[in-house]
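Report on one structure; see the data block that follows.
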Amino acid sequence: MFKITEGDFKNQIYGEEVYLSNWPMLYILDNGKQAYIGESNHVKNRMSQHHNSLDKRIFDKVHFIYSSKFNQSVTFDYESKLIQYITADELYEVRNKNAGMAEKEYYGKKEYDEKFQVLWRRLQREKIVKHSLEELENSDLFKYSPYKELNNDQRTAVEEIINSLKQDEKQTVVVNGWPGSGKTIVAIFLLKYLRDSESFKDKKIGFVVPQTSLRKTLKGIFKSIYGLKSSDVLSPSDVTKQFYDILLVDEAHRLHQYKNISYMGAFKKNCEKIGLTIESDELDWILHQCKCPVLFYDEMQVVGPSGIDVRRFHKKMEIEQTKRMISYYNLLTQMRVNGGNDYIEYVKNILSSNVREKKTFDKYEFKLMTDFKAFNHLMYQMEEEVQLVRMVAGYAWEWISKNNKTVFDIEIQGIKKQWNHCTEGWVHANGAINEVGCIHSTQGYDLNYAFIILGEEIGYDPVNKSIIIRPQNYFDQNGKKTVAYEELKEYIQHIYYVLMTRGIRGSYLYVCDQELRKYISQYVDTV
């Protein structure tokens, strides 16, 4: 179905096939290290234009991809796909900009999506690409690529934010979104778009990531993206070192207050450095240190007292509104979980005792298991089949293996497990499949399947028909000191909400508390 030929770009020798002059086609320019992917109805003319462009003179050959089944809708779609996958493949540094990357619907798209797999395998045989599509789809570089195709609400937010910034940089932008709505993707897309834009080429732009584990992951990814660099990724404390024009802040709810944190001394020094008191927080640092903060926020993902809860956040935005314009955007489309927004809402209702009727999801496996041995065995089986499957849990066990690697933290039905040996990059770390991840090692990451243990710190009161918590069984000391019962309950509910929205294809639950298990079994199929 696909014909792939090679042309001499340096000497402009391409062959005499008719389709090179008048047919929708794809092409890949390369020089052995870098590549540029494009599409055109007149590729010979397009090659001539590229040859006259200084930034394309680095290439010496071109691969033409032809099919009699191509039309322009297909080549537009395949061009976006090739850019995404070839970037993640890392055989070449892709030199494309990300303008124009948007979801494309057209007649026969489902059939052409399947045929793209055939094209990719052909490119593998030609040694133009290296890894399989399945391998790439499980990689962080693919998941966090700035070349993602944006859906309508993502595209609208990006376009309106950029147009607004071109008119007036001094403003605050808030982007609200549920788990899996693509907040991080939009933030990275925006960074790349701004970096590539002539309008912002002299601007000081940073990308703030509060989570240590995700920050390390993104630093590694940015090294592989043309136009970005690892130093673009900042910790909140990095922000205090200089002033920025624009700061994109991923997971702004994970910014910290001077409360229940282990680095109070450093926090105090950072406040003093920029003339603030310890009554301020890391969000204040950002508002103080840039003309335009772009804040990606989800009130349901605040998982401890040191975070920026919704009341604190709204109060700050009210103050901001007296100083500069504030724009709000909502990301509504579910991008991660195959169960869609209905599943996200269902999880929220289950955890808040507000569920009214049982729901099932055609494209999502949401199951409750009562045998931990079977639960554990199924996890390993699915890891073998699809990879990126992990067991995670709430803080219902002490982390005794932190200082003694010979002991186990968790034991259920005779099966012993340790907590995650690291938080930075744990999801992809060697040995992660044998461990249990906590909220700090998994928040912000995608899994194919999540196997979630609900520990004895959360239960159910059948008389009052409500979720209860047991603070004595909650072992995150910084997460519970100085916190009243209802506040801690909210944090524990948020933790499980986050854990139960990590899985792309499904979530499997094991519930330790008997009454909670009975309650959940009314609304989740037991296997």
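Only one of the numbered conditions (1) more than 26 Å from HIS428 (Cβ to Cβ); (2) modelled with pLDDT of 95 or more; (3) out of contact with any helix residue (DSSP H, G or I) (no Cβ under 8 Å at 6 or more places or on another chain) is violated by LEU295, and that is (3). Does region 166-178 hold any residues that are more than 20 Å from LEU283 (Cβ to Cβ) and either among the polar types (S, T, N, Q) or surrounded by 21 or more Cβ atoms within 10 Å (Cβ to Cβ) (or both), and which are they? If the condition is that a residue be more than 20 Å from LEU283 (Cβ to Cβ) and either among the polar types (S, T, N, Q) or surrounded by 21 or more Cβ atoms within 10 Å (Cβ to Cβ) (or both), then GLN167, TRP178 are the ones that fit. For region 253-283, enumerate the residues that are out of contact with any Lys or Arg (no Cβ under 8 Å at 6 or more places or on another chain), closer than 16 Å to GLN211 by Cα and either charged (D, E, K, R) or assigned to a helix (DSSP H, G or I) (or both). The answer is HIS253, ARG254, PHE267, GLU282.
Take region 496-527 and flag every residue that is aliphatic (A, V, I, L, M) and assigned to a strand (DSSP E or B). ILE504, LEU509, VAL511, listed by residue number. For first residues located in region 335-348 and of a type in the set (S, T, N, Q), partners that are modelled with pLDDT under 95 and lie 6+ apart or on another chain with Cβ distances below 6 Å form the pairs ASN338/LYS363; ASN341/GLN334. No other residue among PHE142, PHE116 is in a helix (DSSP H, G or I), without any contact (Cβ under 8 Å) to a residue 60 or more places away in the chain, within 30 Å of TYR328 (Cα to Cα) and touching a Phe, Trp or Tyr at 6+ places or on another chain (Cβ under 9 Å) apart from PHE142.
Out of curiosity, is SER224 farther than 22 Å from VAL302 by Cβ, small (Gly, Ala, Ser) and without any contact (Cβ under 8 Å) to a residue 24 or more places away in the chain? When the stated conditions are applied, SER224 does not pass them.
Confirm whether GLY304 is small (Gly, Ala, Ser) and farther than 30 Å from ASP476 by Cα. Criteria not met by GLY304. The residue that is surrounded by the most Cβ atoms within 10 Å (Cβ to Cβ), counting only those in region 514-525 that are more than 30 Å from the chain's Cα centre (by Cα) and within 17 Å of VAL355 (Cβ to Cβ), is TYR519.
If the condition is being farther than 26 Å from ARG195 by Cα, surrounded by 15 or more Cβ atoms within 10 Å (Cβ to Cβ) and without any contact (Cβ under 8 Å) to a residue 40 or more places away in the chain, then region 70-111 contributes only SER73.
The values are calculated or read from the model by the stated rules, or taken from the named source; none is laboratory data. These figures come from a predicted structure and were not determined experimentally. Using ideal geometry, Cβ is built from the backbone for each residue, glycine included, and neighbour counts are taken over all protein chains shown.
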